[in-house]
Amino acid sequence: MEKVYINSIGSISAQKTFDNNDFLEEITTYEDNVIPVIEPNYKDFIPPAAARRMAKGIKMGVVASKIAMEEANLTDIDAIITGTGMGCVRDSEKFVTAILDNNEQFLTPTSFIQSTHNTVAGQIALGIGCKGYNFTYVHSSVSFESALIDALMQLELKEAENILVGGVDESGEHTNAIHKLIQHIKPEKINSNKLLHSKTVGAVFGEGANFFVLSNNKKETSYAQVMGVKTFNTLPKSELESSLEEFLKENNLFVTDIDVLISGNNGDVDYDNYYLDLANGPFKNTQQVVYKHLSGEFNTASAFGFWLGAKILKTQQIPSAVALNTIKPNGLELVLLYNQYRGKNHSFIILRRC
């Protein structure tokens, strides 16, 4: 089986991550319960006439993918695999609103056409003229992981050489209003620096696009090796530690081999205890890192965690803004990412330094 490497990255998030030369040197703090991305100048990447017709999610995905492909020095790719939980939700909201406002008459199809979940992958393919494998996974909060597993299988079996993999989700006003009603979003605005110490239910929602070029060809500039990915739709808290140990064993590793644990804590008092059980248990003597206070919570937020893990291994440094404890590992060789959302859709990812 071929090894799989992260050869480049492209990230648009609530932090200034679209410049790959920076690594969270400048942190943007928010006082809200829904946070937006920091957008690059889209005109630098997309012709203005085309950008005006694109929804925000499409623009984020297209630009993040272009940044990743430029860093990998590629103009074409063998496959494009994306994950998204809600797709282009703003256009979905526009279309449904138009149906209600116009009594189901005189509807223009543009919003409907652009609202489909695979629109981002389609626009990326059209932009670079890629006629290869193009697939979008819509698997709630493991959408990115599903795309990643597909890419790993193809690369390990040498069915492709370079694959563009990404996760993208945009924030929709009406959808967020519903999440607030059912208390999936925190009722109060909260300072992002204090989010993980919150004692209330719900999360701070965000949006973002994170893309990566994965390849079975290692380069001097590669970020990390992807060793393994595993997802669980349901996983009782009592089985969390044993399931993790089994996953590590499948990759010939033990808990003590992990140098950094990257957790998806989002400040929800009802569900952060999954992370606390690992942090206070098997990983109590391990460097711990968090990221959702910087990115917000969304279905493909784990792709931002994946970006963070890749950057940590390449730069061999952990920004103070993401460090959860003061334990300093002897080296930064192995990173474990763990994420879940509201007790479901658990995922483990192992990254190794190149």
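At a glance:
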read-out: Cβ-based charge dipole, the range 228-353, positive-most Cα from Pro282, Val255, Ile350; value: Ile350
read-out: DSSP-defined antiparallel bridges as percent of all bridges, the chain, nearest 5; value: 65
read-out: Residue (of Gly309, Gly331, Val269) at the positive-pole extreme of the range 267-354, dipole from beta-carbon charges; value: Gly331
read-out: Under 12 Å, Cβ to Cβ, from Val89 - net charge with Lys/Arg +1 and Asp/Glu -1; value: -3
read-out: Convex hull (Cα only) mean projected area of the chain, reported in nm² to one decimal; value: 17.4
read-out: Order of Leu24, Leu308 under a 10 Å beta carbon neighbour criterion, fewest first; value: Leu24, Leu308
read-out: The chain: most fluctuating residue of Leu100, Leu337, Leu195 per GNM, C-alpha cutoff 10 Å; value: Leu100
read-out: Ranking of Arg53, Arg90 by count of other Cβ atoms within 10 Å, fewest first; value: Arg53, Arg90
read-out: The chain: relative contact order as a whole-number percent, Cα under 8 Å and 6+ apart; value: 25
read-out: Cβ charges +1 (Lys, Arg) and -1 (Asp, Glu), total dipole of the chain, debye; value: 260
read-out: Greater than 29 Å apart at Cα, pairs in Lys186/Lys249; Lys16/Lys249; Lys56/Lys284; Lys131/Lys158; Lys56/Lys218; Lys59/Lys311; value: Lys186/Lys249; Lys16/Lys249; Lys56/Lys284; Lys56/Lys218
read-out: Volume per residue that the Cα convex hull of the range 1-45 spans, once the total is divided by residue count, Å³; value: 137
read-out: Quotient of Cα Rg and 2.2 N^0.38 Å for the range 228-353, N being how many residues it contains; value: 0.96
read-out: The range 1-92, dipole about Cα centre (Lys/Arg Cβ +1, Asp/Glu Cβ -1), debye to the nearest 20; value: 480
read-out: Neighbour-limited loop hits for trypsin sites (Lys or Arg not before Pro), the range 225-297 (at most 15 other Cβ within 10 Å; DSSP other than H, G, I, E, B); value: Lys284
read-out: Distance cut-off 20 Å, percentage of C-alpha pairs in the range 4-215 lying past it; value: 61
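Here, each number is a calculation from the coordinates, and none is a lab measurement. Remember, it's a predicted structure, so these values are computed and weren't measured experimentally. Counting neighbours? That spans all protein chains shown, and the Cβs are built from the backbone with ideal geometry, glycine included.
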